[in-house]
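Chemist: Structure incoming, see below.
The values are calculated or read from the model by the stated rules, or taken from the named source; none is laboratory data. All values derive from a computational prediction rather than experimental measurement. Cβ placement follows ideal geometry from the backbone for every residue including glycine, while neighbour counts extend to all protein chains displayed. Please note that ligands, DNA and RNA were not included when accessible areas were found on the heavy atoms of the full protein model with its side chains. Shrake-Rupley method; radii C 1.70, N 1.55, O 1.52, S 1.80 Å.
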Amino acid sequence: MPTSAPLGQHIERNQHDLLVFLSRRAPREAEELAQETWLRVARANPSFQDESSFRAYAFTVAKRLLIDHYRRSATRVSLVPLEGGREPSSNSDPLGAACATQTLRVVQDVLDGLKPELAEVFRLRTTTQMSFRAIAAHQAVGLNTALGRMHQATKAIQRALNQQGLLPEVVQ
Amino acid sequence: MSCEHAESTTLLWLDGEAPEAHDLHVAACAECQEVIDGLERVQHALVPIAAALGVADVAATVQVNNGFHFARWGAALAVAASVLLAVRFMPLQAEVDVPADTDLASVQPLLPISNSLYGDLDAGLEDLDVALDSLAWDLNTL
Ligand SMILES: [Zn+2]
């Protein structure tokens, strides 16, 4: 019967790839997110027979941290009123600004076309720190309803952004 | 979707509100992976435009609602405080006839409590119960 490799060996074999994965998505925070990922993995100390299962697990933990990081970043951005009205931040990058403007238009079009309660769940979830339970309470609906609304809204926005080539590629 | 978790537990897992073992499920489930990959990409695309999404209005509404909760919390705490103060300053000594030359060190600490004091305490505790029920309701709906 095969024995699982020690956790340290698993981490050693995957730490470079994980850092590359995070650097592509959040260059400035990649190191920090990688450390947090390995901390969580070490705390959970899962036992895997094969390398690919461990790798899938570690990248899953990293994605979860990444989603949380994006959400916190979006919250910070939305809390700072932008000069000259509600325009996407340009960061002195004309291409980035053009892309952001187009993304905004697509997202707003989709949200306008959704039922208001679906659009509201999506907005609250992606640009505030509210939990799903808090959003469900705010809308006076059950938790599963709020989760279902989020899922539907995300799918619609994902589809629309994909059609316009505005979504970052999934690269592992 | 054939995975029952893809639209429910896996989204809750992002809030840290699913059992830790759900990590293992997500890692091994293609549908849950698809859901989090989609969310990751969408959330990434939203970072530069979040300020323009008009959430401030919605967030303000939520803050007003949360203010309502805090008002109820405040009221409940005020009731709790008043009950404690009432108990603290109840004139227990006045219920007992202690001669002036009594050595206070010899007086038993357990003093009789009048029926009216029990009545006041009961009323106070009922108020406290109502306040605690209200707090529990608020916590459940947070
Ligand atoms: Zn699943």
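Chemist: Which numbered condition in (1) in a helix (DSSP H, G or I); (2) of a type in the set (A, V, I, L, M, F, W, C); (3) surrounded by fewer than 19 Cβ atoms within 10 Å (Cβ to Cβ) is the only one that A:L22 fails?
Modeler: Every condition holds for A:L22 apart from (3).
Chemist: Tell me which residues, restricted to region A:25-40, are at the interface with another protein chain (Cβ under 9 Å from one of its Cβ atoms) and assigned to a helix (DSSP H, G or I).
Modeler: A:R25, A:R40
Chemist: So, one more: May I ask you to list the residues in region B:1-26 that are more than 10 Å from the ligand (Cβ to nearest atom), open to solvent by 20 Å² or more (accessible area, probe 1.4 Å) and more than 15 Å from A:H151 (Cβ to Cβ)?
Modeler: Those that are more than 10 Å from the ligand (Cβ to nearest atom), open to solvent by 20 Å² or more (accessible area, probe 1.4 Å) and more than 15 Å from A:H151 (Cβ to Cβ): B:G16, B:E17, B:P19, B:E20, B:A21, B:L24.
For every residue, the table says whether it meets (1) in a loop (DSSP other than H, G, I, E, B); (2) at pLDDT 85 or above; (3) more than 30 Å from A:Q15 (Cβ to Cβ).
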{"position": "A:A42", "(1), (2), (3)": "no, yes, no"}
{"position": "A:P46", "(1), (2), (3)": "yes, yes, no"}
{"position": "A:Q49", "(1), (2), (3)": "yes, no, no"}
{"position": "A:S53", "(1), (2), (3)": "no, yes, no"}
{"position": "A:R72", "(1), (2), (3)": "no, yes, no"}
{"position": "A:G84", "(1), (2), (3)": "yes, no, yes"}
{"position": "A:P88", "(1), (2), (3)": "yes, no, yes"}
{"position": "A:L95", "(1), (2), (3)": "no, no, yes"}
{"position": "A:D109", "(1), (2), (3)": "no, yes, yes"}
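Chemist: In addition: If the requirement is being at the interface with chain B (Cβ under 9 Å from one of its Cβ atoms) and among the charged types (D, E, K, R), which of these qualifies: A:R159, A:R123?
Modeler: A:R123
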